[in-house]
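Every number in this text was worked out from the coordinates using simple rules, so none of it is lab data. Remember, it's a predicted structure, so these values are computed and weren't measured experimentally. Positions of Cβ are generated from backbone atoms using ideal geometry, with glycine treated the same way; all protein chains shown enter the neighbour counts.
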Amino acid sequence: MKPRLFSADPKASYLAAQAEIDAAVARVLASGTYIHGPELAAFERELAAYLGARDAAGVANGTDALELALRALGVGAGDKVATVANTVTATVAAIVATGAQPVFVEVEAQTMLMDAARLAERFAAADGASIKAVIPVHLYGLPCDLAAIVGVARRHGAKVIEDCAQAHGSTFGGRKVGTFGDLAAFSFYPTKNLGALGDAGAIVGNDAALLDRVRALRQYGWHTRYVSDEHGRNSRLDEIQAAILRVRLGRLDRENAHRARLAAAYLTGLAGEPLELPIVPSARSHTWHQFVVRTPQREALKVYLEGEGIHCGVLYPVPVHQQTAYRQEVSLPETERACREVLSLPLHPGVTEADVARVCAAVRAWRV
Ligand SMILES: *Cc1c(COP(=O)(O)O)cnc(C)c1O
């Protein structure tokens, strides 16, 4: 019986750095400081330096990072925020949490990322003037067309918050994503390329006043301890997770390089098969959070691979505009096709090139 393969394996990421992570956790436990201490301050500095941004502020998770970034930019009730519907519901939940309304923009057929031309159309529509912010999602690790999207948003006076939850280290024109918008939101959910062993997130940016505002919003609206200047939240990144993230940040480039080798092996091993394979437009680098193939026979392929011990993911099966909590009557045929066709093959730091060869052989032997 061959070992089973999964599309994510956070325990493998822990075991790969177990001694270092255990030591980091022990250091925090012995320190007596568990919230907002030296580990968080160091992680924030190291993350900002890694990305080439001025500053980063840790928060409790990626959803909070998006919500607090929107609030720091002044987005709230009566405003609209443009994003895509083939994302985790968290992107949309964050918009709704501010009191704003989501506007769903169609995606490009090939990349499945926000289509800048369709975004421009949404700004030109009757309600376009109420769109105060745009959240492009760098889905699966591939950057959106940031030059075009930021250009459209700027022309209409709207803010840009990059959703970088799946794109730690991805670049556009040689520059890391998370440095193009007004603010960027990161999640460090355990399965992300940079993952904690629990919940964590961060807001990244270049504007010191905005980051100050974020730091107030993440702790009860305090600018001065015990005195709230505005209504804030409790959304803190604790010292244990910050210490773990510092270890994992030091390994991120190596792990992303491993992901890139696996993706190259998939692209070679699956060439010529009746599947749509991922493309990487020029001047962008992909960090392969997911390796996503497409076929109208997605369900059949998924069940077949499960029979071979290969467990694949589907990100995401139902577009957000068709979910009960966020339903909207809007025509998004490319988004809906993506949700019907996508399948994530196993790709994470615990996968080997031999595993990829096994998956490719299984896919090549598949007959509809
Ligand atoms: C994971 C993820 C989030 C939410 O992050 P949490 O840490 O789970 O709150 C938001 N957007 C995208 C694209 C994600 O993948």
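Of the residues His36, His223, His168, the one with the fewest other Cβ atoms within 10 Å heads the list, and the complete ranking is His223, His36, His168.
Each peptide among 52-63, 314-325 gets the average number of other Cβ atoms lying within 10 Å of its residues, and from highest to lowest they stand as 52-63, 314-325. Taking other C-beta atoms within 10 Å as the exposure proxy, Phe180, Phe186, Phe6 rank Phe6, Phe180, Phe186 from fewest upward. In summary, segment 1-85 shows an alpha-carbon radius of gyration equal to 1.55 times the 2.2 N^0.38 Å reference for compact globular proteins. In the chain, once you exclude exposed GluC sites (Glu not before Pro) (DSSP loop, at most 12 other Cβ within 10 angstrom), what's the longest stretch remaining? Result for the longest clean stretch: 1-229.
Suppose R0 equals 22 Å. What FRET efficiency, 1/(1 + (r/R0)^6) with r the Cβ-Cβ distance, do Val368 and Ala109 give to the nearest 0.05?
On the way: r = 22 Å, r/R0 = 1.01.
Computed FRET efficiency for Val368 and Ala109 comes out at 0.50.
Highest GNM mean-square fluctuation among Val105, Val96, Val160, for the chain modelled with Cα contacts below 10 Å: Val96. Report the residue, chosen from Gly151, Gly178, Gly169, that carries the largest GNM mean-square fluctuation when the chain is represented by alpha-carbon nodes joined by springs under 10 Å. Evaluated over the chain, the most mobile residue of the options is Gly151. Could you list the residues of segment 100-115 with an amide nitrogen less than 16 Å from a label point located 7 Å from the Cα of Gln322 in the Cα-to-C-beta direction? Hits in segment 100-115 for Gln322 at 16 Å: 104-107. Residues considered: Leu139, Leu245, Leu301. Largest GNM mean-square fluctuation over the chain, using C-alpha springs under 10 Å, is found at Leu301. Restricting attention to the chain, the count of lysine pairs at 8 or more positions apart or across chains with alpha carbons under 17 Å apart stands at 5.
Taking only alpha carbon atoms, segment 252-365 gives an Rg to Rh ratio of 1.00, where Rh is the Kirkwood radius. At an R0 of 56 angstrom, the distance between the Cβ atoms of Ala271 and Arg155 translates into a FRET efficiency of 0.90. A helix-only calculation puts the chain at -12000 deg cm²/dmol for mean residue ellipticity at 222 nm, using -39500 (n - 2.57) for each DSSP H run of at least four residues, averaged over all residues.
Kirkwood Rh and Cα-based Rg: tell me the resulting Rg over Rh for the chain, rounded to two decimals. Before the final figure, lay out the partial values.
Values: Rg = 20.5 Å, Rh = 21.1 Å.
Dividing the radius of gyration by the Kirkwood radius yields 0.97.
What FRET efficiency do you get for Thr191 and Trp222 if R0 is 51 Å and r is their Cβ-Cβ distance, rounded to the nearest 0.05?
Efficiency, rounded to the nearest 0.05: 0.95.
For Asn61, the residues whose amide H sits under 5 Å from its own are Gly201, ignoring neighbours fewer than 5 places away on the same chain, with H placed 1.01 Å from N. Per residue, the convex hull around the alpha carbon atoms of segment 201-258 comes to 100 Å³.
At full extension, Arg254 and Arg45 could sit 73.2 nm farther apart than now, given 0.36 nm per residue minus the alpha carbon distance. Note on segment 11-246: dipole from Cβ charges, positive end direction compared against Ser235, Ala30, Ala53; the farthest Cα belongs to Ala53.
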